[in-house]
Amino acid sequence: MNLDLLKKKLDGLQQKTPAGTKTDYSTIYWKPTLGKQQIRVVPSMYDPSNPFKELKIYYGITNKVMISPLNFGEKDPIALFASKLREEYSKENYVLAKKIEAKPRTFIPVIVRGEEDKGVRLWQFGKQVYEELLALAVDDEIGDYTDIVNGRDLTVETVGPESTGTPYNKSSVRVRLKTSPLSQDPSQVEKWTSEQPNPETLFKRYSFDEMKSALEKWLSPEEDGVDSNPPTPPTKIETQPTSNFSLDTSQVKQNKEDKFESLFDSTNDDLPF
């Protein structure tokens, strides 16, 4: 075992953030800006054989991002509910299941050229960029672009909404032709390969009951407010999709809360895990 590395990890876990201190996420995450930037993918200290970390993450169910327990081999009440919705197909159920399902995100550790002083940061992206990076990785003519001695930098080019025709930016990746070392400074290489944020520990892990409660509140937002007859929202604002909740095949009349609770009955062993 590398005891020095383990000691650094222990020190990091034991270090407490003072109350009221805000986290500077720019030191943890890297987000491409418009134009071209040059980066280097660094071998992961958590899995040197694979720099990519895939995670399933929920957005929009609460005002905070929630990481799916499925990432850790645990039961996920939101995934369970979406699965049940799809079992008894209807347009409303399908739309709702699609709305609440976890989104796949991939993370890699990178050094941004010109910003080496910021250390290793995480770049997170969706399917398209992931496919581009995987295609480069399996190209025999390119080789291992994360190699600390003979790897390759990558050029990330990002265009804005005026080019994408959507409200979002879009990034594409291409590999540099010339191979190069990660750094000419061995001590810097050692630091970059042993001091990296861990995407699995950056998100708060919620319990099964906490996630179930958050989903229930999201499904019935009117029950959280004082005004039982809120004004009708403007038509341009997307409202929460509804479901017929006809998930119980017993034909017994139940209200919405009973149907929701029945999906999580402790006697129900028919779980998609």
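The values are calculated or read from the model by the stated rules, or taken from the named source; none is laboratory data. Here the structure is a predicted model, which means the values were calculated and not measured. As a convention, Cβ positions derive from the backbone with ideal geometry for all residues, glycine included, and neighbour counts pool all protein chains shown. The accessibility values were calculated without ligands, DNA or RNA, using every heavy atom of the protein model including side chains. Shrake-Rupley method; radii C 1.70, N 1.55, O 1.52, S 1.80 Å.
Listed values, structure above:
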{"quantity": "Difference of contour (0.36 nm per residue) and Cα-Cα distance, ASP139 to LYS91", "calculated": "13.1 nm"}
{"quantity": "List ASP117, ASP144, ordered by accessible area with a 1.4 Å probe, largest first", "calculated": "ASP117, ASP144"}
{"quantity": "Mean Cβ count within 10 Å, highest first, over the residues of peptides 205-212, 24-31", "calculated": "205-212, 24-31"}
{"quantity": "LYS36-ASP117 FRET efficiency (beta carbon distance; Förster radius 22 Å; 0.05 resolution)", "calculated": "0.65"}
{"quantity": "Extension gain (nm, one decimal) between ASP24 and TYR168, 0.36 nm per residue minus Cα-Cα", "calculated": "49.5 nm"}
{"quantity": "By average C-beta atoms within 10 angstrom, highest first, the peptides 92-98, 36-42", "calculated": "36-42, 92-98"}
{"quantity": "Distance between the stretch 193-208 and the stretch 81-124 - C-alpha centres, whole angstrom", "calculated": "15"}
{"quantity": "In sequence order, calculated HN-Hα J values of the stretch 187-196 (Karplus, 6.51, -1.76, 1.60; Hz; x Gly/Pro)", "calculated": "5, 5, 4, 4, 5, 5, 8, 10, 10, 9"}
{"quantity": "THR166, THR146, THR201, ranked by accessible area, largest first (probe 1.4 Å)", "calculated": "THR201, THR166, THR146"}
{"quantity": "Area of TYR58 that stays accessible when all protein chains are in place (1.4 Å probe, Å², to 10)", "calculated": "10"}
{"quantity": "Gained length - ASP147 relative to LYS99, 0.36 nm times residue gap less alpha-carbon distance", "calculated": "13.3 nm"}
